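Visitor: Handing you a structure now.
The values are calculated or read from the model by the stated rules, or taken from the named source; none is laboratory data. The structure displayed is predicted, hence computed values, not measured ones. A quick note on method: Cβ atoms are made from the backbone with ideal geometry, for glycine too, and the neighbour counts reach across all protein chains shown.
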Amino acid sequence: MNFKKRLDAYAEMLIKVGIRIKKDQPLVIRAPIEARDLAVLAAKHAYLNGASDVHILWSDDDLTLLRYTHAPEEVLNNVPEFQKEMYRYYLNQGAGFLSFTGSDPDLLKTIDSKVLQGAMMNRSKALEFYSEAMMSDKNPWTVAGVATKAWAKKVYPELDEVEALETLWDAIFDMSRVTDDAVKTWEDHMNRINALAKKMTDYKFTSLHYQNSLGTDLFIELPENHLWAGGGSATPDGEPFVANIPTEEVFTLPHAHGVNGIVYATMPLAYNGNIIDKFYVRFKDGVVVDFDAEQGKDTLKNLLDTDEGAKRLGEVALVPFDSPISNRNQLFYNTLFDENASCHLAFGRAYPTCLEGADALSKEELKKLGVNDSLVHVDFMVGSKDMSIIGTTVDGEKITVFKDGNWAF
C-alpha cells in the first residue's frame, strides 16, 4: 500500500478495531493540526460506520508554547465551564473518544516546571470526572499515534525532516499492525494477549518480585480479587473496544500500600513537555520515600507532589523484552509506544476495572481494598533483557513469570 492507502487503512482500523463505533453514536476526536488528514479520514470512517456526530478538538504545539510563554498563570490554571460541559455532554451521550498523540517531547522544556505542574493539576481537577469515566471504561476510548515533524526529528535526529516524518509514519503503521486485513490481525493479537491475562488472573498471585542487574529489587503486593487485563476492553454494556493502539501489555493494579523496594527506569519518560531520564524510585509501604534523576529531577518531583496518590503506584504492566516494538531497538519518547516495548509501572490512579466487582463499590470502599486514586496516571518503563519477575500465589507457591526479560510460560 502507498502512504495514502495506509493512512486510510489506519483510520478505518481505529474506528472499527479501536473505538468500534456504533450506529447513532457520537465521536470526539482530539488531534494536533498536523494530523488533519488522519482526523478527517477517521471522521469519514466513523460516519460510514454509523456515527451520528464527529466533534474534533484541535491542538497546535506552536500555540501551546505561546500560551505557556505569555499567558498569566490565572489563565493557565483556569478550565472554562464550557470545556467541562462539553465533556459532560459527550460522556452522557455515550460518545467514543479518539485521541491522537504526537506532540514534541521537548515542547515545554523552557517553561517553569512549577507553572506547568500548576496548570496540569488544575486541569486534572476540573476534568477528573472525565478521567474517571475513561479509566472505568464507561465510554469507549482509544489513544493512537500520529507522526509530526518535531516528534519525528526527536526520534530520528540523523534524518532530514521529510525522511524523519516518513520513517516515523512507517514505524507507526507497522507497530499498529496496519495490514490488508487489520480487523483479523487485531483479533488474533488480542486473543493471544487475553490468554496471557487469563493465565495471570488464574494464578491468583498475592505479590510479584522484580529484580535485574540495574539494581531493581521491588516487591509489589496485589489486591485480593485483582484481575489481569490486556488487548481489548469493554464498556459496562459489554461493548468491546481497544484503548491503546498499539498494545502489547498485560496489566493489573498493585495494592497502593504494598510496594516496597527500589526500581530503576530503563527508558526516558516524556512528561509535561519535559524529559525525565536515568531515574530511580524507592518505595516503603507503597509510598515513594526516595528518588533521583540525572535529567528532569524537578519535573519528577512535581509529578510526585501532584497529590498523595501520585507517590504510589496504580498499574503493573508486563511486556516481554522480545516483543515487536522492543525489537525495533528505537526509543520513541512517547509513552504509548515506549510502554509497549517494556514492562512498566505507573504512578497515580489505578484502573478499577482490574478489581473484581469494582463497579459496585464507592471510592472509599475501593481505597480500603488498595485501589490507588490520584489526579494523574503516568507510566514509566522498567523492563530489561535480564528482568526476573517471581510471583507468589495465595498458596505460597513461587511461579517464575518473567525470566531474562520475557514470559517464562
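Visitor: Take the residues of region 119-140 that are surrounded by fewer than 16 Cβ atoms within 10 Å (Cβ to Cβ) and out of contact with any Leu (no Cβ under 7 Å at 6 or more places or on another chain): which is farthest from I15 (Cα to Cα)?
Guide: Of region 119-140, the ones surrounded by fewer than 16 Cβ atoms within 10 Å (Cβ to Cβ) are 125, 128-129, 132, 136.
From what is left, the residues that are out of contact with any Leu (no Cβ under 7 Å at 6 or more places or on another chain) are 129, 132, 136.
Working: F129: 24, E132: 23, S136: 20 Å.
Here the residue is F129.
Visitor: Moving on. Can you give me the number of residues within region 149-199 that are touching a Leu at 6+ places or on another chain (Cβ under 8 Å) and among the β-branched types (V, I, T)?
Guide: Here the count works out to 2.
Matching residues to (1) over 20 Å from the mean Cα position of the chain (by Cα); (2) at pLDDT 95 or above; (3) on the phi < 0 side of the Ramachandran plot:
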site	(1), (2), (3)
R282	yes, yes, yes
D290	yes, yes, yes
T306	no, yes, yes
S323	no, no, yes
A346	no, yes, yes
S388	yes, yes, yes
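Visitor: Kindly evaluate T353 against the criterion of being part of a strand (DSSP E or B), in contact (Cβ under 8 Å) with a residue 60 or more places away in the chain and surrounded by fewer than 21 Cβ atoms within 10 Å (Cβ to Cβ). So that I can check it myself, show each step before the final result.
Guide: Values: part of a strand (DSSP E or B): no; in contact (Cβ under 8 Å) with a residue 60 or more places away in the chain: yes; surrounded by fewer than 21 Cβ atoms within 10 Å (Cβ to Cβ): yes.
Taking the combined requirement at face value, the residue does not satisfy it.
Visitor: So, in region 272-295, how many residues would count as being under 19 Å from S103 (Cβ atoms) and in a loop (DSSP other than H, G, I, E, B)?
Guide: First, pick out the residues of region 272-295 that are under 19 Å from S103 (Cβ atoms): 272-277, 295.
Retained after the next criterion (residues that are in a loop (DSSP other than H, G, I, E, B)): 272-273.
So the answer is 2.
Visitor: Quick check on my filter: what residues within region 251-271 are closer than 30 Å to T201 by Cα and assigned to a strand (DSSP E or B)?
Guide: F251, T252, V259, N260, G261, I262, V263, Y264, L269
Visitor: Continuing with this model, one more query. Name every residue in region 145-164 that is part of a helix (DSSP H, G or I) and among the small types (G, A, S), in order of residue number. Working first, answer last.
Guide: Taking region 145-164 and keeping what is part of a helix (DSSP H, G or I), we get 149-155, 161-164.
The answer is A150, A152, A164.
Visitor: Only one residue in G348, G314 is small (G, A, S), in contact with a helix residue (DSSP H, G or I) (Cβ under 7 Å, 6 or more places away or on another chain) and not assigned by the TED database to the domain that holds V155. Which one? So that I can check it myself, show each step before the final result.
Guide: On the way: G314 fails: in contact with a helix residue (DSSP H, G or I) (Cβ under 7 Å, 6 or more places away or on another chain).
Only one candidate passes the filter, namely G348.
Visitor: So, in region 389-409, of the ones that are closer than 16 Å to F205 by Cα and of a type in the set (G, A, S), which residue ends up surrounded by the fewest Cβ atoms within 10 Å (Cβ to Cβ)? Spell out how you get there, then give the answer.
Guide: Step one: list which residues in region 389-409 are closer than 16 Å to F205 by Cα, which gives 389-402, 407-409.
Imposing the further condition that a residue be of a type in the set (G, A, S) reduces the set to 391, 396, 408.
Numbers: G391: 21, G396: 7, A408: 13.
Ranking the candidates gives G396 first.
Visitor: T206 is checked against (1) polar (S, T, N, Q); (2) assigned to a strand (DSSP E or B); (3) surrounded by fewer than 18 Cβ atoms within 10 Å (Cβ to Cβ) and fails just one. What number does that condition carry?
Guide: Going through (1) polar (S, T, N, Q); (2) assigned to a strand (DSSP E or B); (3) surrounded by fewer than 18 Cβ atoms within 10 Å (Cβ to Cβ) one by one, T206 breaks only (3).
Visitor: Please tell me if N260 is among the polar types (S, T, N, Q) and over 23 Å from W141 (Cα atoms). Don't jump to the end; show me each part of the working.
Guide: On the way: among the polar types (S, T, N, Q): yes; over 23 Å from W141 (Cα atoms): yes.
For N260, the condition - among the polar types (S, T, N, Q) and over 23 Å from W141 (Cα atoms) - is met.
Visitor: Of all residues in region 216-249, which are farther than 24 Å from W407 by Cβ and in a strand (DSSP E or B)?
Guide: Passing the criteria: A234, P240, F241.
Visitor: Within region 368-388, identify whether any single residue is of a type in the set (V, I, T), over 27 Å from F279 (Cα atoms) and surrounded by fewer than 22 Cβ atoms within 10 Å (Cβ to Cβ), and answer yes or no. So that I can check it myself, show each step before the final result.
Guide: Taking region 368-388 as the starting set, the residues that turn out to be of a type in the set (V, I, T) are 371, 376, 378, 382.
Pick out the ones that are also over 27 Å from F279 (Cα atoms) and you get none.
No: region 368-388 contains no residue that is of a type in the set (V, I, T), over 27 Å from F279 (Cα atoms) and surrounded by fewer than 22 Cβ atoms within 10 Å (Cβ to Cβ).
Visitor: Taking T400 as the residue in question, decide whether it is under 20 Å from Q117 (Cβ atoms) and out of contact with any Lys or Arg (no Cβ under 9 Å at 6 or more places or on another chain). Outline the logic, then answer.
Guide: On the way: under 20 Å from Q117 (Cβ atoms): no; out of contact with any Lys or Arg (no Cβ under 9 Å at 6 or more places or on another chain): yes.
Criteria not met by T400.
Visitor: Same structure, new question: So in region 41-58, with the set limited to residues that are under 24 Å from the mean Cα position of the chain (by Cα) and among the aliphatic types (A, V, I, L, M), which one is surrounded by the fewest Cβ atoms within 10 Å (Cβ to Cβ)?
Guide: So the first thing to find is which residues in region 41-58 are under 24 Å from the mean Cα position of the chain (by Cα), and the list is 41-43, 46, 54-58.
Add one more test, that the residue is among the aliphatic types (A, V, I, L, M), and what stays is 41-43, 46, 54, 56-57.
Details: L41: 20, A42: 32, A43: 21, A46: 26, V54: 21, I56: 16, L57: 14.
Result: L57.
Visitor: So if I check each of V259, V263, V281, which one is surrounded by 20 or more Cβ atoms within 10 Å (Cβ to Cβ), touching a Ser or Thr at 6+ places or on another chain (Cβ under 7 Å) and not assigned by the TED database to the domain that holds M120? If you could, list the steps in order and put the result at the bottom.
Guide: Details: V259 fails: touching a Ser or Thr at 6+ places or on another chain (Cβ under 7 Å); V281 fails: touching a Ser or Thr at 6+ places or on another chain (Cβ under 7 Å).
Among V259, V263, V281, only V263 is surrounded by 20 or more Cβ atoms within 10 Å (Cβ to Cβ), touching a Ser or Thr at 6+ places or on another chain (Cβ under 7 Å) and not assigned by the TED database to the domain that holds M120.
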